[in-house]
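Asks: Have a look at the structure that comes next, please.
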């Protein structure tokens, strides 16, 4: 009976994940038009580049970005090209290896990223206004655990397939 209960709970979780993905899609689609400077589907990569190259001493390589994002390098390359074309990211020669290039967020990119993240946090604050700090901390902790467990399972599979 315990196994049946666990199977029911996993099935309910799958349903909830589907509903969560729908809610996230609606949230992303609600992004104001003035934030359309970020090409569709590239916001998380822009944020990752910003995190991976926080100062002038650090640089973000496309290969590292692909691994960090668990995406195929060709997918990341196309998205980065769109970010470069939009003026949000700059691609320069790697001073340590001229054959490679490094990615940095431009001042326009950082300003745009800050605006989008500000919009997102303001909207989350509105949606979560009835949540306590403890609710948010517990939810964040469980979401991080869930994401870590999924990534550790499937990142290993992706690496083996490459």
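Yes/no per residue for (1) within 15 Å of residue 53 (Cβ to Cβ); (2) surrounded by 11 or more Cβ atoms within 10 Å (Cβ to Cβ):
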{"residue": "74", "(1), (2)": "no, no"}
{"residue": "79", "(1), (2)": "no, yes"}
{"residue": "85", "(1), (2)": "no, no"}
{"residue": "100", "(1), (2)": "yes, yes"}
{"residue": "124", "(1), (2)": "no, yes"}
{"residue": "129", "(1), (2)": "no, no"}
{"residue": "134", "(1), (2)": "no, no"}
{"residue": "137", "(1), (2)": "no, yes"}
{"residue": "143", "(1), (2)": "no, yes"}
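Asks: So, one more: Which condition does residue 59 not pass, out of (1) crowded, with 17+ Cβ neighbours inside 10 Å; (2) within 20 Å of residue 155 (Cα to Cα), if it passes all the others?
Replies: (2)
Asks: Here is a follow-up. Would you mind finding the one in 82, 137, 120 that is assigned to a helix (DSSP H, G or I), modelled with pLDDT of 90 or more and within 26 Å of residue 39 (Cα to Cα)?
Replies: One residue alone meets the criteria, 82.
Asks: Moving on to the next point. Condition (residue is on the phi > 0 side of the Ramachandran plot and not in a helix (DSSP H, G or I)) applied to segment 87-108: is it met by at least one residue?
Replies: Here is the first cut: in segment 87-108, the residues on the phi > 0 side of the Ramachandran plot are 87.
With not in a helix (DSSP H, G or I) added as a condition, the list becomes 87.
For segment 87-108, residues on the phi > 0 side of the Ramachandran plot and not in a helix (DSSP H, G or I): present.
Asks: Tell me the residue from 113, 128, 150 that is within 24 Å of residue 21 (Cα to Cα) and touching a residue at least 40 places away in the same chain (Cβ under 8 Å), please.
Replies: On the way: 128 fails: touching a residue at least 40 places away in the same chain (Cβ under 8 Å); 150 fails: touching a residue at least 40 places away in the same chain (Cβ under 8 Å).
The unique qualifying residue is 113.
Asks: I'm told residue 109 meets every condition in (1) out of contact with any helix residue (DSSP H, G or I) (no Cβ under 8 Å at 6 or more places or on another chain); (2) modelled with pLDDT of 90 or more except one. Can you identify the failing condition by its number?
Replies: (1)
Asks: Next up: Does residue 45 meet the test of being within 21 Å of residue 148 (Cα to Cα), surrounded by 15 or more Cβ atoms within 10 Å (Cβ to Cβ) and modelled with pLDDT of 80 or more?
Replies: Criteria met by residue 45.
Asks: Right, something else. Residue 64 - would you say it is closer than 25 Å to residue 151 by Cα and surrounded by 13 or more Cβ atoms within 10 Å (Cβ to Cβ)?
Replies: Judged against the criteria, residue 64 is a match.
Asks: What are the residue pairs meeting all of these: first residue in segment 90-101, first residue at pLDDT 80 or above, second residue assigned to a loop (DSSP other than H, G, I, E, B) and surrounded by 13 or more Cβ atoms within 10 Å (Cβ to Cβ), Cβ atoms under 6 Å, and 6 or more apart or on different chains?
Replies: 90/106
The values are calculated or read from the model by the stated rules, or taken from the named source; none is laboratory data. Remember, it's a predicted structure, so these values are computed and weren't measured experimentally. In this analysis, Cβ positions are derived from the backbone assuming ideal geometry, glycine residues included, and neighbour counts consider all displayed protein chains.
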